[in-house]
Amino acid sequence: MKADRGLPASAVKRAVLNRGFLVFCLAATSLAVVILAVLIISITVKGLPWIVDGAAVKATFYGTSADAGSWKQWIRWEFFTEYASRKAKSAGILAPLLGSIWAVAICAIVALPLGVGTAIYLEEFAPKNRVTRYIETNIRNLSGVPSIVYGILGLTAFARMFGVFGRDSNFVIGTPEDWYYIHFPFGQSVLTGGLTLMLVILPIIIISSQEAFRSVPKSMREASLAMGATKWQTVWNITQPAALPMILTGAILAISRAVGEAAPLLVLGVPLFITSKPENLMSDFTVLPFQIFNWAGRPQDDFRELAAAAIIVLLIVLLSFNAIAVLIRQRLHRPLT
């Protein structure tokens with residue numbers, strides 16, 4: 001039996017189902033985008049007055065020439081230069097902002113060379129056998145482990161160091177006046193936080209770097225080896241530069257995830273309220289997600305608006321990381337021919 005236009009009934013049914021599924025997907029996507037837009041607008045309306053001085057902006061655009069000022073006067077710098085306070089009017093994000101910078105910097109410094117080096121070994125030097133496949137399978141499985149599990153691992157391996165050192169251990173490097181001061185075990189320090197975040201993003205960096213090296217044509221390696229270059233010279237001068245844009249893109253996106261992580265640091269016992277900034281690797285610290293959680297949980301409306309302002313700052317940081325990743329990819333991208 002034929003349907004209209006000479007098409008079989010089964011083909012018409014498939015076309016209707018395909019169109020219906022497409023409409024469903026568009027509706028679901030549109031709903032998600034609308035909800036996200038409403039949340040962002042709501043957060044912006046509540047938090048922006050704590051970051052931007054509306055009176056200074058109005059004076060610049062609508063006031064007299066004497067009232068006009070530079071854009072630097074539009075920003076409420078005290079929000080970035082003051083510590084957390086029990087009074088909303090004098091509260092700022094200096095301590096969590098610097099704590100996030102310290103933790104993410106430590107995370108990146110350790111994770112990038114370790115992750116890229118592991119990817120180079122697995123893709124370019126390791127023999128393709130059962131052991132290598134087992135290692136790669138476990139790395140991919142680790143990328144899907146909940147981040148709070150890494151917090152438990154960080155607590156055991158870095159904060160307590162498996163109990164090898166006692167709490168009153170005198171094994172130290174440097175002095176408290178030095179930024180590189182280290183006390184074993186690390187305890188609830190910014191170094192522990194950075195190394196724990198490193199565990200979270202390390203599998204992601206390894207996997208993305210492996211995919212970057214796999215995208216390099218095999219002919220480029222063979223041509224280099226045929227010219228007399230060693231395996232390492234081929235990797236350093238040919239494979240690694242060609243894969244660099246994808247490596248950096250994956251690394252920056254992984255680091256942007258570390259900026260917003262809170263669960264693994266919560267296991268470490270990182271404080272929610274702190275009025276000091278990190279001075280060395282053993283300093284106490286807190287991060288922006290913790291400060292947002294602290295303010296959002298308070299009943300006063302002012303603190304909830306402060307939480308919204310901190311969310312705006314965190315979103316700007318995350319979007320900046322993503323923009324840098326796109327820019328690097330576009331600038332370093334070269335056709336692999």
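The values are calculated or read from the model by the stated rules, or taken from the named source; none is laboratory data. Just so we're clear, the structure is a prediction, and the values are computed from it rather than from any experiment. With ideal geometry, Cβ positions are generated from the backbone for all residues, glycine too; neighbour counts draw on all protein chains shown. We work out accessible area using only protein heavy atoms, side chains counted, and drop any ligands, DNA or RNA first. Shrake-Rupley method; radii C 1.70, N 1.55, O 1.52, S 1.80 Å.
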Projecting each Cα onto the charge dipole of the chain (Lys/Arg +1, Asp/Glu -1 at the beta carbon, about the Cα centre), which of 134, 11, 287 comes out farthest on the positive side? 11
Cα-centred dipole magnitude for the chain, charges only on beta-carbon of K, R (+1) and D, E (-1), debye, nearest 20: 1500 debye
For the chain, calculate the relative contact order in percent as a whole number, restricting contacts to Cα pairs under 8 Å that are 6 or more residues apart. 23 percent
Mind giving me the nanometre distance, one decimal, between the label points for residue 315 and residue 298, set 7 Å out from Cα along Cα→Cβ? 2.1 nm
When the chain is treated as a GNM, springs tying every alpha-carbon pair under 10 Å, which of 171, 184, 158 comes out with the largest mean-square fluctuation? 171
Springs between alpha-carbon atoms under 10 Å, Gaussian network over the chain: tell me which of 54, 228, 115 tops the mean-square fluctuations. 228
Quotient of C-alpha Rg and 2.2 N^0.38 Å, computed over the chain: 1.29
So, for segment 9-76, what is the accessible surface per residue at a probe of 1.4 Å, expressed in square angstrom? 77 Å²
What distance in nm separates the simple spin-label points at residue 233 and residue 169, each placed 7 Å from Cα in the Cβ direction? 4.5 nm
Percent of accessible area on segment 94-332 owned by carbon and sulfur, 1.4 Å probe? 66 percent
Quick one: accessible area per residue over segment 188-262, 1.4 Å probe, rounded to a whole number of Å²? 38 Å²
222 nm [θ] for the chain, helices only, -39500 (n - 2.57) per DSSP H run of 4+, per residue, to 500? -20500 deg cm²/dmol
